[in-house]
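For reference, the structure is listed below as structure tokens.
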Amino acid sequence: MPRVALVAVLLITVQLVVRVVLAFGGYFYWDDLILVGRAGTGGLLSPSYLFDDHDGHVMPGAFLVAGAIIRVAPLVWTGPAISLVVLQLLESLALLRALYVISSWRPVLLIPLTFALFTPLAVPGFAWWAAALNSLPMLAVVVCADAILLVRTGNHRYAVTGVLVYLGGLLFFEKAAVIPFVSFAVAALQCHVRGDRSALATVWRAGVRLWTPSLALTVGWVALYLAVVDQRRWSSDLSMTWDLLCRSVTHGIVPALAGGPWDWARWAPASPWATPPAVVMVLGGWC
């Protein structure tokens, strides 16, 4: 096995040890208990349970996994903790595969891999079970590798696996609808850096067997989402949306990229949130 591959496996192992400590040191919180309650009152395979409007989310896959675990051992944290670790392992291995397809076993692969495995940005979404049931499957099924391999080889099986995996992501999180667009962009950039001046056209033509069904699936899932979710709760205040986006970058992403958060706070009944020290925000370019 190449040395870079061995280092990558070691990094994933270390990350998994850290995540095991985090997972088994946690407990049910907020929406986790909502999932527990719904799992105990509805049929596991009933459409009313699987396609319930969960605070604006359509997530039948997450409901199915949560319901199966809770029915085995209600209010026992061991099952959810194990599921967190398993999902994290799948997500990390999927990332390694994508990076390998992009760069092979070159040492540069270890830079994005290390960042993705150990960035504080990924911790809150992992430690909260209800959130992890959405985000980890979505991240695990990003089909960049399949898209690149389809463009390179023309092998039809990558189109089939890409569509099936994309459907799996949608079952857990409606925001997985961005996956085809992300995958197209990554595949196009890969072609561009290899000297293809018409990368967009090349990727579209070579991957049309993936893009067409993926877009059709996206349209269908959007229609399902609109039929299931109560749209009266939506806000049309664009200024509020813009302010939220800006604060997410300046108070969340940038400090985290600079090494924060170093302190955590909580305002009941909100979930835990970070209060980055001033020095971290300065280092991150906040001001």
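Charging the Cβ of each Asp and Glu at -1 and of each Lys and Arg at +1, and nothing else, the dipole of segment 1-95 about its Cα centre rounds to 400 debye.
Helix by helix through the chain, keep the DSSP H runs that span 24 Å or more along the axis on Cα and average at least 0.0 on Kyte-Doolittle, and give those back in order. All intermediate terms of the calculation are to be shown ahead of the outcome.
Numbers: long enough: 3-24 (32 Å, 2.37); 78-103 (37 Å, 1.52); 156-172 (25 Å, 1.19); 208-228 (30 Å, 1.40).
Answer set is 3-24, 78-103, 156-172, 208-228.
The amide H of GLY207, built 1.01 Å from its N in the peptide plane, has no neighbour under 5 Å, considering only residues 5 or more places off or on other chains. For the chain, the Cα-based Rg and Dmax, in that order, read 20.2, 57 Å.
The simple spin-label model puts a point 7 Å past each Cα toward its Cβ; for LEU45 and VAL86 those points are separated by 1.9 nm. Per the Debye calculation on segment 1-101 with a single equal scatterer at every Cα and no solvent contribution, log₁₀ I(q)/I(0) for q = 0.10, 0.20, 0.22 Å⁻¹ amounts to -0.37, -0.99, -1.09.
Hey, what's the Kirkwood Rh for segment 1-56 if you take every pair of different alpha carbons, in angstrom? Every distinct Cα pair counted, the radius reaches 14.7 Å. Of the residues LEU121, TYR166, VAL193, the one whose Cα sits farthest toward the positive end of the charge dipole of segment 110-214, with +1 on the Cβ of Lys and Arg and -1 on the Cβ of Asp and Glu, is VAL193. Rounded to the nearest 20 debye, the dipole size of the chain about its Cα centre is 920 debye, using +1 on the Cβ of Lys and Arg and -1 on the Cβ of Asp and Glu. In a fully extended conformation the segment linking ARG3 and LEU164 would gain 54.7 nm over its present Cα-Cα distance, using 0.36 nm per residue.
Compared with the alpha-carbon gap, the fully stretched path from SER236 to ARG97 is longer by 46.1 nm at 0.36 nm per residue.
In terms of its Cα atoms, segment 130-256 spans 45, 34, 25 Å along the principal axes, sorted from long to short.
By how many nm would the segment from THR13 to PHE115 grow when fully extended, if each residue of separation counts as 0.36 nm and the alpha-carbon distance is taken off? Can you show the working numbers first?
Values: separation 102, 0.36 × 102 = 36.72 nm, distance 1.45 nm.
Residue separation times 0.36 nm, minus the Cα-Cα distance, leaves 35.3 nm.
When segment 43-163 is described by a simple charge dipole with +1 on each Lys and Arg Cβ and -1 on each Asp and Glu Cβ, the residue from LEU87, LEU64, TYR100 located farthest towards its positive end is TYR100. Inter-part distance, segment 161-185 to segment 12-50, computed on C-alpha centroids, equals 22 Å. Placing unit charges on each Cβ (+1 for Lys and Arg, -1 for Asp and Glu) gives the chain a dipole about its Cα centre, and among ILE111, VAL254, SER48 the Cα reaching farthest toward its positive end belongs to ILE111. Using only DSSP helix segments of four residues or longer, with each worth -39500 (n - 2.57), what per-residue ellipticity at 222 nm results for the chain after dividing by its residue count and rounding to 500? The helix contribution divided over the chain gives -21000 deg cm²/dmol.
No value in this document is a laboratory result; all are computed from the given coordinates. Keep in mind that this is a model prediction, so the values were computed, not measured. Heads up, the Cβs are rebuilt from the backbone with ideal geometry, glycines too, and the neighbour counts pull from every protein chain shown.
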